[in-house]
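The structure appears right after this line, and notes come after that.
The values are calculated or read from the model by the stated rules, or taken from the named source; none is laboratory data. A quick note: this is a predicted structure, and the numbers were derived from the prediction, not measured. As a convention, Cβ positions derive from the backbone with ideal geometry for all residues, glycine included, and neighbour counts pool all protein chains shown.
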Amino acid sequence: MLRLVFALAVFMPIVAEAADRPNILYIMADDHAAHAISAYGGRLAAIAPTPHLDRLASEGALLTNVFCTNSICSPSRACVLTGQYNHVNGAFDLSGRVPPGEQMLAIEMKRAGYQTAMIGKWHLKDEPADFDYYCVLPGQGDYLSPSFRVRGDRPWGENTVHFEGEHVTDAITDITLRWLKEGRDANKPFFLMHHYKAPHDYFENAARYESYLADVEIPEPETLWTRDPRFGSLATRGADDELIPHVGTSIGDRNPRRSYLRDLPALYPREFPPNYDPADFSDEENTRLAYNAYLKKFLRCVKGIDDNVGRLLAALEDAGELNNTLIIYTADQGFMLGEHDYQDKRWMYEESQRMPFLVRYPPAIPAGQTLDTIVENVDFAATMLDFAEGAVPASVQGKSFRSLLESGREPADWKQAAYYRYWMHMAHHDNPAHVGIRTKTHKLIYYYGCNQDGGYQTPAGWELYDLVADPHETRNLYDDPASAELVIGLKQQLAETRIRVGDDGSHFPECEKVVQEFWDYDEADRTRAIEVSHAFLARRLKELEDGKRNVLTNKGHVGQ
């Protein structure tokens, strides 16, 4: 394994011929929720400001209604790269891949005359061979002393460089700055995808941030403590609330299978009292300790990103290239930070579905804009290609929103709903599979509750939220008689959207049978859903008991 060591220096300005079109710097973090960027004004803004990211917003545009179509890493990245929904690009889950020859955005940028580079977290299995240059983490990669895969004489995955003693966020920025200085073709504009691993859990911040927020009580979402009885549905609560302990990773000890209270004391002992024993504390105290430990590590990683974005901006500014570079900052999805006592992503709830999107390009994008047009991650590629004056292939399902950024006006024929589908049923964080649409004012979620083969069923259920009156999604209005007509209209809109985007059920027919079975959700459907709830609870309790026996058995083997 080679070790790459270099001194950073500001890259030389590129020649005037390349200034006809902008350079494009696409910065994407992992799991960086919009409400953890101070420009969005969330509860964390006062204690954990992000001044360099805020600069992009103040000198450009901040978009408030940008959404991923599937809140999980590989599928979201595939949507950005191909401009297609996951049922078209085939990246349904974490095994998703986009093979060479199909990495559309890199291919079309190169055809448009751009030099292309992919640096940082890739997470799409196959080699990013359609880029001129790449230096990418293997899989999730490591936070500390990371290694990266590069192009070389040996097969994909075997040519690596190593950054001993460095934090991954710093290393990714170092690689980008070196490429800008030494790897550039001065006769071409560049298209650079600069992807941070942070703040993906489990978080490890650079050592210099260890004292950051150490003595601060992190503001808590009200829904961490209060679960309105109108929140959720039979799908997420179970019959008579019997599945509340088994759906969604918890902060405290609600979920006996996935709880950060169970994981974090061993991972981050410095964030807990000395000789910490949960039995010495109340449930509320334990939950608060876990929440603060989790949020502090998350926000320290965010601080590292913000500082490194500052390094990128400074380098571009010193080189005279800042204003000739279209800079986008986003994340592959949002992240639950304790809302509803949930962590991780995957949900269609706002904190998980919404992506931050900040964009700066002074020659064309007026400063200080806040735009609420609905945008999906499948639209990113077409927009960047539009700025590059490149061709958008017919295979791309997304549309360019360049005119929105330049004029501040939503196109008359623009979509009025974002489509969402999460396929990884009850995997990892106990999230049931679901599909839905999000308009500017309402959200309709349908938990059909099965895997891609139609199996491992959880109860089906529908949820409707009024995002104007109830922005934190605490009251499900699906069964409210006053919402009956709205439900009918939104269900029809969801059905039509599925047809429009090509999610016709043919990809997994057995799954589609379940989707259709509970679509009407009449009394017979609800009765059947209650039966499924009871059956799933029995199955889950047996799994937990079997898991305990396996742990005891494995401990015995280890002892021997």
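Yes or no, residue by residue, for (1) over 22 Å from LEU234 (Cα atoms); (2) in the same structural domain as GLY368 (by TED's automatic domain parsing); (3) touching a residue at least 60 places away in the same chain (Cβ under 8 Å); (4) buried (at least 17 other Cβ atoms within 10 Å of the Cβ):
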position: VAL392; (1), (2), (3), (4): yes, yes, yes, yes
position: GLY398; (1), (2), (3), (4): yes, yes, yes, yes
position: LYS440; (1), (2), (3), (4): yes, no, yes, no
position: TYR446; (1), (2), (3), (4): no, no, yes, yes
position: ALA469; (1), (2), (3), (4): yes, no, no, no
position: PRO481; (1), (2), (3), (4): no, no, no, no
**Complete:** Of the candidates TYR196, TYR212, the one satisfying the condition of being at negative phi and outside the structural domain of ALA33 (by TED's automatic domain parsing) is TYR212
**Request:** Check whether at least one residue in the stretch 439-457 is at pLDDT 95 or above, within 20 Å of ASN255 (Cβ to Cβ) and over 22 Å from the mean Cα position of the chain (by Cα), and report yes or no.
**Result:** yes
**Message:** If I go through the stretch 483-532 residue by residue, how many of them are without any contact (Cβ under 8 Å) to a residue 60 or more places away in the chain, of a type in the set (S, T, N, Q) and within 18 Å of LYS440 (Cα to Cα)?
**Reply:** 2
**Prompt:** Inside the stretch 250-262, can you point out the residues that are surrounded by fewer than 22 Cβ atoms within 10 Å (Cβ to Cβ), out of contact with any Pro (no Cβ under 8 Å at 6 or more places or on another chain) and in contact (Cβ under 8 Å) with a residue 40 or more places away in the chain?
**Reply:** ARG257, ARG258
**Fill in**
The condition from (1) part of a loop (DSSP other than H, G, I, E, B); (2) of a type outside the set (A, V, I, L, M, F, W, C); (3) closer than 17 Å to PRO75 by Cα that GLY436 misses is numbered (1)
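This table checks each residue for (1) at pLDDT 95 or above; (2) more than 17 Å from the chain's Cα centre (by Cα).
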residue: ILE14; (1), (2): no, yes
residue: ALA45; (1), (2): yes, yes
residue: LEU63; (1), (2): yes, no
residue: PRO99; (1), (2): yes, yes
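Looking at the stretch 104-114, which of the residues that are surrounded by fewer than 23 Cβ atoms within 10 Å (Cβ to Cβ) and not small (Gly, Ala, Ser) is farthest from the chain's Cα centre (by Cα)? Don't jump to the end; show me each part of the working.
Going through the stretch 104-114, the residues surrounded by fewer than 23 Cβ atoms within 10 Å (Cβ to Cβ) turn out to be 104, 107, 110-113.
If we keep only those that are not small (Gly, Ala, Ser) as well, we get 104, 107, 110-111.
Numbers: MET104: 21, ILE107: 24, LYS110: 27, ARG111: 29 Å.
Applying the filter and picking the extreme gives ARG111.
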**Fill in**
Residues of the stretch 225-243 being in contact with a His (Cβ under 8 Å, 6 or more places away or on another chain) and either surrounded by fewer than 19 Cβ atoms within 10 Å (Cβ to Cβ) or not small (Gly, Ala, Ser) (or both), in sequence order, are ARG227, PHE231, ALA239, GLU242
**Prompt:** part of a loop (DSSP other than H, G, I, E, B), out of contact with any helix residue (DSSP H, G or I) (no Cβ under 9 Å at 6 or more places or on another chain) and crowded, with 24+ Cβ neighbours inside 10 Å - does that describe any residue in the stretch 347-354?
**Reply:** yes
**Message:** Can you say whether ALA29 is buried (at least 20 other Cβ atoms within 10 Å of the Cβ) and either over 22 Å from the mean Cα position of the chain (by Cα) or at pLDDT below 95 (or both), as far as the supplied structure shows?
**Reply:** no
**Request:** Give the residues of the stretch 75-90 that are within 10 Å of PHE380 (Cα to Cα) and among the aromatic types (Phe, Trp, Tyr), sorted by residue number.
**Result:** none
**Message:** If I filter the stretch 53-61 for residues that are in a loop (DSSP other than H, G, I, E, B), in the same structural domain as MET348 (by TED's automatic domain parsing), under 21 Å from PRO356 (Cβ atoms) and in contact with a strand residue (DSSP E or B) (Cβ under 7 Å, 6 or more places away or on another chain), do I get at least one hit?
**Reply:** yes
**Request:** Just give me the residues in the stretch 362-392 being of a type outside the set (A, V, I, L, M, F, W, C) and not in a loop (DSSP other than H, G, I, E, B), in sequence order.
**Result:** GLN369, THR370, GLU376, ASN377, ASP379, THR383, ASP386
**Request:** Out of the residues in the stretch 260-296 that are under 16 Å from LEU224 (Cα atoms) and aromatic (Phe, Trp, Tyr), state the one that is nearest to the chain's Cα centre (by Cα).
**Result:** TYR294
**Prompt:** Residues in the stretch 144-165: is at least one within 30 Å of LEU541 (Cα to Cα), of a type in the set (Phe, Trp, Tyr) and either surrounded by fewer than 20 Cβ atoms within 10 Å (Cβ to Cβ) or touching a His at 6+ places or on another chain (Cβ under 6 Å) (or both)?
**Reply:** no
**Request:** Provide a single number: the residues in the stretch 485-538 that are farther than 24 Å from VAL378 by Cα and touching an Asp or Glu at 6+ places or on another chain (Cβ under 6 Å).
**Result:** 3
**Request:** Identify the residue in the stretch 81-105 that is in a helix (DSSP H, G or I) and aliphatic (A, V, I, L, M) and, among all such residues, is nearest to VAL501 (Cα to Cα).
**Result:** VAL88
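Among what's in the stretch 56-103 and is crowded, with 21+ Cβ neighbours inside 10 Å and of a type in the set (Ser, Thr, Tyr), pick the residue that is nearest to PRO363 (Cα to Cα).
If we take residues in the stretch 56-103 being crowded, with 21+ Cβ neighbours inside 10 Å and of a type in the set (Ser, Thr, Tyr), then THR82 is nearest to PRO363 (Cα to Cα).
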**Message:** Against the definition (more than 20 Å from the chain's Cα centre (by Cα), under 24 Å from ARG438 (Cβ atoms) and either modelled with pLDDT of 95 or more or not assigned by TED's automatic domain parsing to the domain that holds ILE499 (or both)), how does PRO411 come out, yes or no?
**Reply:** yes
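Can you name the residue in the stretch 118-158 that is part of a strand (DSSP E or B) and among the aliphatic types (A, V, I, L, M) and, of all such residues, is farthest from ALA78 (Cα to Cα)?
In this case the residue turns out to be LEU144.
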**Request:** Please indicate, with yes or no, whether at least one residue in the stretch 205-219 is hydrophobic (A, V, I, L, M, F, W, C) and under 22 Å from VAL532 (Cβ atoms).
**Result:** no
